[in-house]
1. Tell me which residues, restricted to the stretch 727-747, are of a type in the set (Val, Ile, Thr) and part of a loop (DSSP other than H, G, I, E, B).
2. Tally the residues that are open to solvent by less than 30 Å² (accessible area, probe 1.4 Å), within 21 Å of Ser190 (Cβ to Cβ) and in contact (Cβ under 8 Å) with a residue 24 or more places away in the chain, restricting the search to the stretch 146-173.
3. Would you confirm whether or not the stretch 592-610 contains a residue that is at negative phi, surrounded by 19 or more Cβ atoms within 10 Å (Cβ to Cβ), in contact with a His (Cβ under 7 Å, 6 or more places away or on another chain) and at pLDDT below 90?
4. Being under 30 Å from Glu525 (Cβ atoms) and at pLDDT 90 or above narrows it down to one of Glu578, Glu659, so name that one.
5. Of everything in the stretch 361-383 that's open to solvent by less than 40 Å² (accessible area, probe 1.4 Å) and part of a strand (DSSP E or B), which residue is farthest from Met290 (Cα to Cα)?
6. For the stretch 515-531, what are the residues that are within 20 Å of the chain's Cα centre (by Cα) and surrounded by fewer than 20 Cβ atoms within 10 Å (Cβ to Cβ)?
7. Name the single residue that is surrounded by the most Cβ atoms within 10 Å (Cβ to Cβ) among those in the stretch 712-742 being over 25 Å from Ile826 (Cα atoms) and of a type in the set (Val, Ile, Thr).
8. Among the residues of the stretch 74-84, write down those that are open to solvent by 30 Å² or more (accessible area, probe 1.4 Å) and touching a residue at least 24 places away in the same chain (Cβ under 8 Å).
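The values are calculated or read from the model by the stated rules, or taken from the named source; none is laboratory data. Since the structure is predicted, the reported quantities are computational estimates derived from the model, not experimental observations. Counting neighbours? That spans all protein chains shown, and the Cβs are built from the backbone with ideal geometry, glycine included. Note: areas computed on protein heavy atoms with side chains; ligands, DNA, RNA excluded. Shrake-Rupley method; radii C 1.70, N 1.55, O 1.52, S 1.80 Å.
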Amino acid sequence: MAMATRVFLLLLLVLISSPSPSFSLYEDQVGLMDWHQQYIGKVKHAVFHTQKAGRKRVVVSTEENVIASLDLRRGDIFWRHVLGPNDAVDEIDIALGKYVITLSSEGSILRAWNLPDGQMVWESFLQGPKPSKSLLSVSANLKIDKDNVIFVFGKGCLHAVSSIDGEVLWKKDFADESLEVQQIIHPLGSDMIYAVGFVGLSQLDAYQINVRNGEVLKHRSAAFPGGFCGEVSLVSSDTLVALDATRSSLISISFLDGEISLQQTHISNLVGDSFGMAVMLPSKLSGMLMIKIDNYMVFVRVADEGKLEVAEKINDAAAAVSDALALSEGQQAFGLVEHGGNKIHLTVKLVNDWNGDLLKESIRMDHQRGCVHKIFINSYIRTDRSHGFRALIVMEDHSLLLLQQGEIVWSREDGLASIIDVTASELPVEKEGVSVAKVEHNLFEWLKGHLLKLKGTLMLASPEDMIAIQGMRLKSSEKSKMTRDHNGFRKLLIVLTRAGKLFALHTGDGRVVWSVLLHSLHNSEACAYPTGLNVYQWQVPHHHAMDENPSVLVVGRCGLGSDAPGVLSFVDTYTGKELDSLFLTHSIERIIPLSFTDSREQRLHLIIDTDHHAHLYPRTPEAIGIFQHELPNIYWYSVEAENGIIRGHALKSNCILQEGDEYCFDTRDLWSIVFPSESEKILATVTRKLNEVVHTQAKVITDQDVMYKYVSKNLLFVATVAPKATGEIGSVTPEESWLVVYLIDTVTGRIIYRMTHHGTQGPVHAVFSENWVVYHYFNLRAHRYEMSVVEIYDQSRADNKDVWKLVLGKHNLTSPVSSYSRPEVITKSQFYFFTHSVKAMAVTSTAKGITSKQLLIGTIGDQVLALDKRYLDPRRTINPSQSEREEGIIPLTDSLPIIPQSSQEAMFGGVVLGSESHNMNPEHLLQNLLPDFYQGHLAKHAPEGILGLGALKPVLVNSSYVTHNLKVEGLRGIVTAPAKLESTTLVFAYGVDLFFTRIAPSRTYDLLTDDFSYALLLITIVALVAAIFVTWILSERKELQEKWR
């Protein structure tokens, strides 16, 4: 018997330690369930590099702090670097024909990157006494020596930096002179550099400096009684034009040989009577500047002796002009884009000859891209030795396009790098009725596909067949169909970008189904400085109203401040059509989606303005009738982080000051919590998701006991820190820093739970789900990050701890619960060390809430980690009992394990058995990994060897990077949505990049895998039926023979 038991246990251990199906991806599965898209953001600067043979590229910097090299032929990314959020790129250029020079962080960091592969060559940190304008000047000289100098002005200082190794050759500090440098001018081939700027509002200073040692050769000043507004344009190597303080005059400033002369010209003398304020537009055109007056763009030419004259006046304030492009000796050209209907008109002109058009083209443009914001031009030599031109344009929706020969060569939807909100929407239901030809075609493809899969299973497939199998998987029509699937994997991701454009992305392959640049969020007289805020589900028709298309509500603001008037836009999620828009007379401080809908399935929303009035939408009699019935049950809270106050609110009556508006309601304060400003400052607040589904309130634990979760949508998690600890990590000592967390009932203002973590600091990231909250912070004493978990249980139902009462329904789960009664709760908490800094946190969500939870953690490395909630169970102990092991409780460790990417591990008594254990002898495996258990328990009960292994239950725990080896650069948020299959969660991570996948926290227990061989199953069934039939015949024959005997 002992021998048989030993053999059985050995086989069991071998099966456990052998490679088993896991959540890792094989090479041929990449792209089947996930997709990854790379973007760069809205382009600010662009420099072309097309002189040499080989790859022609354009180097760009963007508003998302990205530096990238793009292929001019296709728009693909050769290389890119995403800088930090506080490392904005100020200027870029190319030095020596092989280095990309970038100036960032307000002129304090200068870097050189290798042009072909993007590797950093050198980096220089430029210090200075005060913030100032950032300027970069790179010499056009290609001679490689120390004399090839880069000039940088930033932080109030002028630096000369070697382009070879980044060494700072000399430094000139202008802080003592109170000079605000506006331009750095280095004439080509000259040994002098000019620094020109303002001292105060009415004095102009010019410094002539030796480029070799930084010595000031000349310093001249000139005063202008009218004063300057600060806007300057450089029109030549010795001439500037500035706008006066009243914006009514242009002042030509000449500083030839260091001597300054001023000449004033009234704008009315140039363009006649004007009604608006003049604005000088940034430009780098030789001998010319641009000003904007009302809806006109005026080109002003600087003639001899500083005389100004109008070259052209364009009735298109949204026109875009490029910098000057050198064509030949003394000849420069520039590009001009004007808008006309559904076309844009591109013109390339010579700077010194306005009437000489080198190029004139009209290109049809999608009106959903908006106006052209920027244009960069480049020239090439045609076969007839004439100049051809290509134009890189940046559109209003942040997209990037390359135009050449009147066509759009390629385009990039880089607006998707600036997503601000996401919501998921269902696809339409597939209509019944399919043609016979389509059925026959699908049947043929189905048979062909399964034949190929069968050949692959039997290892008879040729390399061409394997390629065909992979192609069929990647191009599966089921994946990218525009209808719902029975598993709920196919959905639309409705994303709102910073440009005010709404995109619908298909979850199957990430393609853009439709996009719309919202008219309501377009910069116009009706809405100045529009800002998109959020996207909400507005109308979600169910099966009894399937003739209605679902729609979303886009909330925005017309202005920069929080008290600016709001704007609402309603968009059809199937077509992308903007159904309606409302320009509100009140502001928007908070939007509260209510839990009830009208007869058209439109969800009611309550908008709170800065005057603490509540406004109901939709504004219909039916909606107000429903709302009036539910009015006493509506509560909400507000957080004043700067003042350290949290308030609870309820509705009172219709607005007194707005008579006749039955959709406006006054509010009243119910409670308030004031945190002491000298000891606590609000850092983070988190609540549960409104649409979260909780399967059961009861939790069955060991010994058939039952604990009841304290589940409330009114709970608010608040984290406060010491005022000194609001800075960077390490800026305070552990004695001066602490973190206090609260759980507050937002109906009554009652504090349910409070915990102080001494010697800790933010930033704090938290996620709230069901009855638990997990938060992440930094421990200054241990010099490590920590994650804490708090679980809340309801003690008022202590009499219902019998699991049989729960099964038979003899419990009081349906008894009324009031927030005004003091809750009898108990809390369980635990903290663990965590190795990563965190950018974002989310939790998986499923259709019924049955599947176990996983935390989705966006790490500082821009990857998404899935961590099983069982690791964060506060009931974990060092030595769990047998019943606790059976429940699945993992033995306690001081840190949370990070399992390597795409792997699965088994745990025995808290010891992780990784993939390296697969090839080890089972007895040696236990002896090495569990020496105490091997020498104690086994030596006592099984001297012959592994006998007591059956008492040790293995626990398989999944924890891996859902992004695999990919990065979501600039990660800002993680969104989860449930599929129809209970086992599966859809995950969307966004930043500069986008990543989508689906994960199964408890494995796909309700779905066959994609590589399941139906053909092999069919063959097996047929073989079994044949075997049964043959066996039956043989049995009948044998029986007949027996009877004849």
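1. At the first step, the residues of the stretch 727-747 found to be of a type in the set (Val, Ile, Thr) are 729, 732-733, 740-741, 744, 746-747.
Of everything in the stretch 727-747, those that are of a type in the set (Val, Ile, Thr) and part of a loop (DSSP other than H, G, I, E, B) turn out to be Ile729, Val732, Thr733, Thr746, Val747.
2. Taking the stretch 146-173 first, the residues open to solvent by less than 30 Å² (accessible area, probe 1.4 Å) are 148-154, 156-163, 166, 170.
Subset that is within 21 Å of Ser190 (Cβ to Cβ): 148-153, 158-163, 170.
Adding the requirement that they be in contact (Cβ under 8 Å) with a residue 24 or more places away in the chain leaves 148-153, 158-161, 163, 170.
Result for the stretch 146-173: 12.
3. no
4. Just one listed residue meets the conditions, Glu578.
5. So the residue we want is Ile363.
6. If the condition is that a residue be within 20 Å of the chain's Cα centre (by Cα) and surrounded by fewer than 20 Cβ atoms within 10 Å (Cβ to Cβ), then Thr531 is the only one that fits.
7. Among them, the one singled out is Val732.
8. If the condition is that a residue be open to solvent by 30 Å² or more (accessible area, probe 1.4 Å) and touching a residue at least 24 places away in the same chain (Cβ under 8 Å), then Arg74, Ile77, Phe78, Arg80, His81, Val82 are the ones that fit.
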